[in-house]
C-alpha cells in the first residue's frame, strides 16, 4: 500500500475525527475508496473503536432511486445506526462523478426529504468528509491519475497544527470586526465590490478537525455567516452544481438579497437555486481559502473553496457554528458555494482596514497595505 | 448487466426474503458483489423498502482486527442497526476467500464473542445469505469464471415452488418418523452405518425462503436435529474449514457422542472443533441435499450441502426451528457440516423403511426399494 494512504488514514482518524477507544464509528466507503477504507480500519482498530462500514455507492443509490415510486420511507434502522454513532467518516471516491445524472430531480428531492432526520443526526456526530483519489475524480479535475494523487495528498498531508495557528489570526480579525468589504478590479472581468455585516458572528477556524468545528479533510479556510450584503460580486472560478456546469456568475445584492444575477454558462441552474426558497437569495457563508497545498482548481468544492488566494460566498443555509448559542442564521434547503480568485488586483478590508491584498494576509510576510 | 444477475436479485428479494413495502432492509455487500448489489437495490426500490447498504469487506475486517489489541467492544450503533432491521441480505463474493488467513484465532474468537449479540439479533430478522459469482469463488471451486457463473445460476435460478413441493414429501417422512439409519457400503472406503433419533423433532423444508424458515440462496435441503446417534460415518466430500483442508473424515458415535475420529487430512483442525465444548461432539443437524441444479462439489458449503445425492451431518449447535416451541437442542459455539456422497451403494431408512436408495427418493420415479 502507498504510504500516503496510511498517512491520510492517520490524519483522518487522529487529527480530524479525534477517535478514542470505545467510540462507535460509521465508515462510509465509496465504490473505489477500498484502499483508504483498509488503512482507516487499521487505524480504527489501533484506536480501539467499534466500526460499522457502510457502502456509499452512487450506482447502488441510482438503481434504488430509479426502482422506487418516490414515496420514500425514513428507515428506522438507518436512523438508529446514526443516532448511536459517535463519529461518521465519509470516504468519497466513486467510479463516475455523474453516476446519478439520469435520476429525476423530483426523486432526488423526495429521497433527500425522507432522509432529512438521518442527515441532521449525522451532523450531530463528529463527522468528517474526505476523498480517496480515484481515476474518476482525476478525470473531473482534468488530471492524470498519478498527478491527481499527488495533488490530493499535498492538500491533505499538511502540518495542520501550524496551519490552525495561522488561521487563528484570521479568525481573530473576523471575530473582532463588524463589516467585511471585498474589492477586485480586473480589466478582463466585471468589477467586484461587496460589503457585508459580520457583527455578532463567530468565525470558524476550519482546520480539518472536529476539535475546530471543522468537518472536511482537506480543509484550510476560515468562514463566518455574513448578512446585510450590498454590492456586486463576480465569481471567476467555474464549477459543477447538480451535474450542471456553471461559469462566470455575477450577483448583485441589495438589502442582503440577490436582486440581479447572470452567468456565462448554467444560468438556468443558478436561477433554479436562487428560487428554491426565501433564504436562497441571501448569503449563508463567507469563506476565506487558506490551504496553500491546493495549487489549482479541480472542479471539486471540497478542494476548490479551501485554496489559498480565493474567497467564496455561499447562498443559502448558514452554519450554526457561526452563530451565538441558540440562534439560527439564514435558513434554506440549499447551500451553494461560489468562488472568486483574489490573487491579483484585489483586497479584503475589515472595518476599513485592509487585511488581505492580492492573496497575502496582513499577518504574513510580503503584505503591502 | 447480465440478465441472470437481475433474475438472481428478483429471487432473493421476492421469493427468499419476501420483502414488502416499508420494510427496513440491510444489504451487506462483499467486495466484488457490486453488480448484484445494484440489481438488488433496484428490486428493493420497486418493493418500496428502506435500505442501508453495509460493506462486507474481508480485507477491511482483516485490517481492523490486526490493528486491534483484542479487547473488543460491542458497538451500540451496530446493534441498533440490526435490531431495527426487518431483513438482512448478505451478498457474498469477495476477492480472496483466504483474505483473513493471517488473523490469529484468538483475535477472531474475541471479535466473534464481542459481536454475539448483534449476530443473534441478525438471526431474528428475515435474513438470507447468497453469493455473487466472483473470480475468487470460481478459483476456490477450481472452475473457469464463466463456467462458475453458469454453475451458480443453475443452482439459484430454480423453480423453487415446485422444489418446495417435492421437498415437502421428505419433510413429511421425517416428521412422522422416529429413527433414521444411513448405510453405505463401498469397497473403496470405510463403511457407514449410523442411526439417530428424530422423535419429537420437526424437519425444515429449506426452500430458500424465510417463509420456510430457510435462509440460504441457493438452498434445497430438508434438515432436522437428530440425537442419540450410534454407529460410524465416513464423509467422502472434502471441504475447507477455517481455511484448513479437511478430507476423508471418519467419526464413531456412542451414546450420542463422537468417541473416535480420524481424517486423512486436517485431523488437527477436526480435533480442535470436537474439543470446542461439550456440544461439539454431538450432532446438531442431519441434512438431506435435494437441489439437483448443483452438479458438482465446489468447496463452498452453501452449495455442497444442498447438492442432490448427498447427506450431511453437522456436529455442534442445533437450530431452534427443528425443536418444539421454547425447547433448545444441542448447544455449542460451533456448527460444522460434513458431507457424504450417497449416489451409489447406499440407502437411508426411516423406522426401518428405505426412503432413499442411491440418491433416488421413495417418492421419485426410478426408486427401487
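None of the figures in this text is laboratory data; all of them are computed from the coordinates on show. Here the structure is a predicted model, which means the values were calculated and not measured. Positions of Cβ are generated from backbone atoms using ideal geometry, with glycine treated the same way; all protein chains shown enter the neighbour counts.
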Projected onto their principal axes, the Cα atoms of segment B:83-195 stretch, largest extent first, over whole-Å spans of 41, 39, 36
Pairs of Cα atoms under 8 Å, at least six residues apart: use those to get the relative contact order of segment A:3-156, whole percent. 28
Note the full-extension length gain between residue A:364 and residue A:109 as 0.36 nm times their separation in residues minus their Cα-Cα distance, in nm to one decimal. 87.3 nm
Residue B:344-residue B:243 FRET efficiency (beta carbon distance; Förster radius 22 Å; 0.05 resolution): 0.10
Using a label point 7 Å beyond Cα on the Cα-Cβ vector, give me the inter-copy distances for residue B:168 in nanometres, one decimal, shortest first. 7.6
Rounded to the nearest 0.05, what FRET efficiency is calculated for residue A:265 and residue B:213 with R0 set to 60 Å and r the Cβ-Cβ distance? 0.50
Report the Cα-based extents of chain A along its three principal axes, largest first, to the nearest Å. 51, 47, 45
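Under 1.5 on a/c is rounded, so check that first for segment A:1-119, then, if it is not, pick prolate when a/b is larger than b/c and oblate when it is not; a ≥ b ≥ c are the square roots of the alpha carbon gyration tensor eigenvalues. Intermediate values should be presented prior to the final figure.
On the way: a/c = 3.07, a/b = 1.58, b/c = 1.94.
Here segment A:1-119 falls in the oblate category.
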Cα centroid of segment A:1-48 to Cα centroid of segment A:115-194, whole Å: 21
Note: B:16-26 gets an average of partner chain Cβ contacts (10 Å, Cβ to Cβ) equal to 2
Each residue of B:32-38 has, on average, a number of other protein chain C-beta atoms within 10 Å of its C-beta equal to 3
Starting with the highest mean, order B:206-218, A:337-349, A:262-274 by the number of other Cβ atoms within 10 Å, averaged over the residues of each peptide. B:206-218, A:337-349, A:262-274
Rotationally averaged projected area of segment B:218-369 (alpha carbon convex hull; nm²): 9.4
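From the P(r) of segment B:257-302, can you give the percent of Cα pairs sitting at distances over 16 Å?
The calculated P(r) of segment B:257-302 puts 57 percent of pairs beyond 16 Å.
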Please give, to one decimal in nm, the separation of the simple spin-label points placed at residue A:7 and residue B:252, each 7 Å out from Cα toward the Cβ. 6.5
Once the mean of 1/r over all distinct C-alpha pairs in the protein assembly as shown is inverted, the Kirkwood radius in Å reads 28.8
Mind checking the alpha-carbon convex hull of segment B:115-258 and giving the volume per residue in Å³? 174
At a threshold of 8 angstrom on Cα-Cα distance, excluding pairs fewer than six apart, so keeping six or more, what relative contact order does segment B:297-369 reach in percent? 24
So for R0 = 51 Å, FRET eff. of residue B:276-residue A:169 from the Cβ-Cβ r, to 0.05, ends up at 0.20
Cut-off 20 Å, label 7 Å out along Cα→Cβ of residue B:145, residues of segment B:56-94 by amide N: B:58-59, B:92-94
Shielding score for B:85-96, defined as the mean number of other chain Cβ atoms within 10 Å: 1
